[in-house]
1. With chain D treated as a Gaussian network of Cα nodes joined by springs under 10 Å, which of D:P342, D:P305, D:P61 yields the largest mean-square fluctuation?
2. How far is B:S319 from the same spot in each other copy, in nm, shortest first, if each label point sits 7 Å from Cα toward Cβ?
3. From other protein chains only, count the Cβ atoms within 10 Å of every residue's Cβ in D:278-284, then give the mean.
4. Per-residue mean of other chain beta-carbon atoms within 10 angstrom of the beta-carbon, peptide C:206-212?
5. Over what distance in Å are the Cα centres of region B:174-191 and region C:170-207 separated?
6. Sorted from fewest to most neighbouring beta carbons within 10 Å, what does the list A:C100, B:C270, A:C335 look like?
7. Are there any helices in chain C, counted as whole DSSP H runs, that stretch 27 Å or more along their axis by Cα and score at least -1.0 on average by Kyte-Doolittle, and if so which?
8. Considering only C-alpha atoms, what is the centroid distance from region A:276-347 to region C:225-276, in Å?
Protein chains: 4
Amino acid sequence: MASSFGERLRVSVFGESHGTGIGAVIDGLPAGFPIDTDRLMRFMERRQGGRNALSTSRKEPDVPRFISGVTDGKTNGFPLCLEIANTNTRSGDYSNLADCPRPSHADYTAGVKWNGKADMRGGGHFSGRLTAPLCAAGGIAKQILSSRGIEIGAHLRSVGSVQDDPFPLFPDAALFAEIAEKAFPVISDVQGEAMQNEILAAKEALDSVGGTVECAVTGLPAGLGDPMFDGVENRLARVLFGIPAVKGVEFGDGFALSEMRGSQANDPFCIDGSGRILTKTNHSGGILGGITTGMPLRFRVGIKPTPSIAQPQETVSLSERKNTVLEIKGRHDPCIVQRAVPVIEAAAALVILDLLTADAQLAEKENHDGFTGYSDRA
Amino acid sequence: MASSFGERLRVSVFGESHGTGIGAVIDGLPAGFPIDTDRLMRFMERRQGGRNALSTSRKEPDVPRFISGVTDGKTNGFPLCLEIANTNTRSGDYSNLADCPRPSHADYTAGVKWNGKADMRGGGHFSGRLTAPLCAAGGIAKQILSSRGIEIGAHLRSVGSVQDDPFPLFPDAALFAEIAEKAFPVISDVQGEAMQNEILAAKEALDSVGGTVECAVTGLPAGLGDPMFDGVENRLARVLFGIPAVKGVEFGDGFALSEMRGSQANDPFCIDGSGRILTKTNHSGGILGGITTGMPLRFRVGIKPTPSIAQPQETVSLSERKNTVLEIKGRHDPCIVQRAVPVIEAAAALVILDLLTADAQLAEKENHDGFTGYSDRA
Amino acid sequence: MASSFGERLRVSVFGESHGTGIGAVIDGLPAGFPIDTDRLMRFMERRQGGRNALSTSRKEPDVPRFISGVTDGKTNGFPLCLEIANTNTRSGDYSNLADCPRPSHADYTAGVKWNGKADMRGGGHFSGRLTAPLCAAGGIAKQILSSRGIEIGAHLRSVGSVQDDPFPLFPDAALFAEIAEKAFPVISDVQGEAMQNEILAAKEALDSVGGTVECAVTGLPAGLGDPMFDGVENRLARVLFGIPAVKGVEFGDGFALSEMRGSQANDPFCIDGSGRILTKTNHSGGILGGITTGMPLRFRVGIKPTPSIAQPQETVSLSERKNTVLEIKGRHDPCIVQRAVPVIEAAAALVILDLLTADAQLAEKENHDGFTGYSDRA
Amino acid sequence: MASSFGERLRVSVFGESHGTGIGAVIDGLPAGFPIDTDRLMRFMERRQGGRNALSTSRKEPDVPRFISGVTDGKTNGFPLCLEIANTNTRSGDYSNLADCPRPSHADYTAGVKWNGKADMRGGGHFSGRLTAPLCAAGGIAKQILSSRGIEIGAHLRSVGSVQDDPFPLFPDAALFAEIAEKAFPVISDVQGEAMQNEILAAKEALDSVGGTVECAVTGLPAGLGDPMFDGVENRLARVLFGIPAVKGVEFGDGFALSEMRGSQANDPFCIDGSGRILTKTNHSGGILGGITTGMPLRFRVGIKPTPSIAQPQETVSLSERKNTVLEIKGRHDPCIVQRAVPVIEAAAALVILDLLTADAQLAEKENHDGFTGYSDRA
């Protein structure tokens, strides 16, 4: 529980911001898959800070070392453990936070939960740094999915009030690749420019700013997901809320659906030129009843502004039990949303690969007869 | 998996819309708790249709029969199984849906997943009717929580574009009770009137409309919830997306946080007159790092319009593999959001009671020494 | 947890000996399977008491009523809930047991665990009666497995010191059927006679007697089971110890292996006439490293004597906190081992079907290419 | 799943015999516990080979490196990852095993399961070497339990046909410590001598020999464990069968109970001089209905002879699909039972600490009122 998830592809994340290392164990990967480590490093670099004025100055190479599960560059069927060393920690910066919890950080709640005994330097196990092993695990899952025709992409949908264009009805691998190569992962570079200005403005004001990420998955078979509490939405939401600063998750048009009429929100079924069943629109985000339709899976994640800001903030001293004012030092991002983009792709990849691994009935069906009478791929 | 959830308080939901009965098994309830069945029935009636022009004309008493787990009106420590009979089913209405899937329903995805062999009459196991046993289970959990000083309330936060007032910073049991007694569960009756007009307008247009529900939980100890993937947010989101038509979940200010600066979004800590630690604002919804702060837990759920509408809709015939037009008959709500209100309370109650049941370290702490140095109750 | 098990085929058992009813929910069955209810009743009758001098005089028809999951006699893809009514309870017999716990029953431990608030009349949720719904669930699983060429059989391997013949190296469906039809399920009727005499002798001495059950599963594919803690042995053992009075579980030659040399215990591989890979012996019981070899799965379960005996026994009065003597009234079996035989088959069926349902990689392999280079069926 | 277990104290084991390293992640440890690393090393040395003629000549220091979860020598509340480097591997020895599976090893079944793509050199993830991280994790759990008055000990109960004395009715920490300090962990050194002769005789015959281990846990509260499928027996059995070569598990007198009458097997309750409730005998091994009685928990594990023996053995060539003869090279123990002793203690410690961590109701009871009216500690 807690720092692990998955049914048959089980991921356990470990580590603290200022400990020896961070990492993950992934149990349930298929055997014999060749991991493209260059591609994995490029994926992981997308979440890395320190590249420009928009991010923290903390730089760490974040190269995963495979302790187990990989033989001669291929998965070997057994739990894959990867470690990423912590090499660039400056603990002194966090010395008084144990007594004066930072507003809207986990300092206070972790303090209560573990009676002050948790190692919360740099946010401890709650640090955004823990998304690095999640990315490494998810990057491997993405490669496996890609080899099966399933592609995952995400972009900054908004920063503050600046919006990027949404994904088209049928995003494709080329679009995903184009976005992934950008230093600032948006569809419209004009809007991306405006977003970066928003971030720099926040930074100059010793402040931070939030945003949203839109993610899509293409090439999914229809019929993936379980009823009620184990649908694609349930599983994804559980994992996405495990990414620091995520405060909202919606599928398809999400909250906007609550303002629509049924006649607008419903997605009519139709048959395309090659006889496949599609929906004309995709307000549902490719999921009905928790189960995939075969249309692109599409969801959006809302991320709060980095709680660490350089302005003085009101808090309390736990030891003196009185109100006080805190000034946070250390290196912090004025916006973390752009760094969350690959993390969200990684989470999606792990959830989807788990579902494909766990569903023997689906596997039988795919092999035996395909989805005759139904669309299988959008 | 699938139709069950919970760590030590485990809930399994069973039944189909047109089968013999529906129900739930709840394993892990404390022993010796006297169930107030009148109170439970009043709670369940809040989700029931057929009371006015806003709801479906299908009326069923929905009285849960306890098969096990209850002796002399008290929980007896063992799994509680409750059954609700299906007495008012008109299967004929659904005869052609197996071939022509209703847009934005689970007909199609369930058809693919189970190769057409699932009993999807009336939506089958995906029917909104399955929220009745969830309400029964959650109604019992609510009573247990209430006996421990934890109260749960919810209201219609919006219907279409009409908004209700939000919960105040500190909602209390009196407010929850006041809302629960209303036929239309809102804070502002003026806004409630406007919402009902919105629903009636949709109905007249042979259409439906969506909305949102805001829910709050008070009296929670600080320190409840586990890191990463088992925080309060993760667990709640997983269950909430199991309620039919839910397409978005957000905590605290949720997606609105993504448009804020950190200086606006952060909740400053402070000490109140009686020495307790609070936050001055509650943009975080009472959760930081997945763990409760002791402030009220607050979240919002986005619900799509009822997909069953009386207007002709485009769909496909699976057998003839061609486009066609569908007219849905049967009894359907022009808006289901008001009926979802107690269901969301029920889900919250079950998740919170599970967390309290599972966390032995928290239990020890509460008993041994309280949260010295910290606020325990808001 | 607690009263449920399974990964993708999830079984939850509910009920108490003296409550309204007992039953089970089975989530994850394949859709469209026609349940042969006559066959199911015949299977369930095998565990039923009251047929002869060897069993308790409590007679109940134990006909499962399907509340959900079955449409027109076929599984419908959704959780199957079945209820068996409790019709023949005489609670008066158990009145003083709450104060004076019966030796080697769960009265005392349940009393401590639930502070005396559990309904322990007739053993409550710990009663052997709760094996009826397990049999019903497992009986359905057996039928599904049988349709896939997997057969399960069991027999009384010993009662007291009297031994039945062991299963041969390759037991088959005919042998299983022959045993199942016997009123006293043994291979050698001569030994069965001696066992029955042993039971009657115990009964006359106001005593009870224990025994062992041997179970075998044939037709399993090789490669089923997961490493370490989720192998076939691990999963089976967890469920088998959930059957009342089970105190030992061993696979293949089990404890006898501990007295052997490796050269005796090892099973040499060989290729049979049709090119399949077998082992010449099966000391390992068809499992190596937790994973099936394709040889028959074989295990043995040790069952203690019924703790309820008519002789006076020493115990304590909890209220008076002093030593006392207890005379147990009520109806009890001098031996329950023969009734446990179908229960053990049922447990095996559910565990095996779960494994087959959960293993998508196995499913893909079976369909794509079979086990070329390996034996697939023994 | 697979290589992990536990409800709230979750253990994941990773690594292969010939990979970079092996290790474990333990999620759910209490925060602030000081790990005595000297004591931990002494515990781990008990399972280590290479010390005398009875064990393999492979020597590795097996010092766990803490990657996370430990700060300043204390647990910090977050998942503890420990790695043990693989430094002494000679892969050449295993070169032809991929084609010619060793009898009664997992080579064949793993080959089938992963289509020959698993890294099975040295047994891969199935190697006895993987018990090292289990010991490290369990050694930490043992220290935590010991600080709460719960002690765990085990000894070689038999090797081949040579039996050690059984544990007395009330084993204590002094006895456990005395056994743990012996190079050959038995109660009777005379019998230990005979066992060692048995092992040496097997070695000289190029053979191996099996045995059994008896384990006891003292100081447990009564009332620990959940009904049916999550009792102490169920949980322990699931983990114990994860230890390589374990083929049988029994609790209390186990299989011997099946040969007893109820009047012999039942444990009479009584009140001792200080008013505590005990049982006069402990045939049940301290567990009734899956729940602890407060008497010592006692169980026995049957272990098969090491399957790797130096004698030529019959097997098949998978590539040539014909019968052949195999001679196993490499370093192997003529008996592994003595090395399994601390591994079984470790498994018990992890299962017990998990149960104590997961049971909030028990925790509340212990703190609020103790077990008035019941014995709490033996």
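Just so you know, all these numbers are worked out from the coordinates, no wet-lab data involved. As the structure is a prediction and not an experimental result, all values here were calculated from the model. Neighbour counts run over all protein chains shown; Cβ positions are idealised from the backbone, glycine included.
1. Per the Cα network of chain D with a 10 Å cutoff, D:P61 tops the list.
2. 5.7, 6.9, 7.9
3. Per residue, the average neighbour count from other chains is 3.
4. Mean number of neighbouring Cβ atoms from other chains: 6.
5. Centre-to-centre distance over Cα atoms comes out at 68 Å.
6. B:C270, A:C100, A:C335
7. Span-like helices in chain C: C:337-358.
8. 49
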